[in-house]
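Working notes, structure below.
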Amino acid sequence: MLCDDCRQRVSTIIHTGKKGEEKEILHLCQLCVEKRGIPTPVLRNPVQLETGFKELMKQLADEGILDRGDPADSEMCTACGWSLGNLRETGLLGCPHCYTSFENQLMVLLQKLHGSDSHLGKVYLQEEEWSQKEEDETALRSAMEEAISMEEFEQAAQIRDRLRQIQDRKNR
């Protein structure tokens, strides 16, 4: 996406602010952000990020979290030929298949870095669970319409309240 100001460079920052009473969202390039004087957090270009990750990998090796010169470093991905040594040096994987080729080493690394090798955050509903919930809502809406047509307003109000509870939980 091009910068909203200059329309010449690729936008790298999304700035959200207020223009009067309305919310304003701007997609800006780094130069236009600087021209506007918008404060931004310290930005690192990709070269610095790569260097930073190499430094992290080096620090982990220095602290003994990652072994240097491990014979497993010669282990290669069967799909792209990327080695475990390359991963240790660059912090990058060569292809999606590398995740399976180096699964054991990556699990150990995740365990050491994060204290766990499994995700501990929010777990989202699986697709079939979502479709089941939507079917339940559809059935409730039908039941509410039927109750209204039969002039059973108390029952319709209870169903309406149940639908609102479902919507409230979805919006959290």
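Computed from the coordinates by the stated procedures, all read-outs in this text should not be read as laboratory data. Fair warning: this is a prediction, and the values are worked out from it, not measured in the lab. So basically every Cβ, Gly included, is an ideal-geometry build from the backbone, and we count neighbours across all protein chains shown.
Here are some notes:
- Least to most buried among S83, S142, S101 (fewest other Cβ within 10 Å first): S142, S83, S101
- Cα gyration tensor, the stretch 1-43 - rounded (a/c under 1.5), prolate or oblate: oblate
- Amide hydrogen neighbours beyond the local backbone of R9, cut-off 5 Å, H modeled: C3
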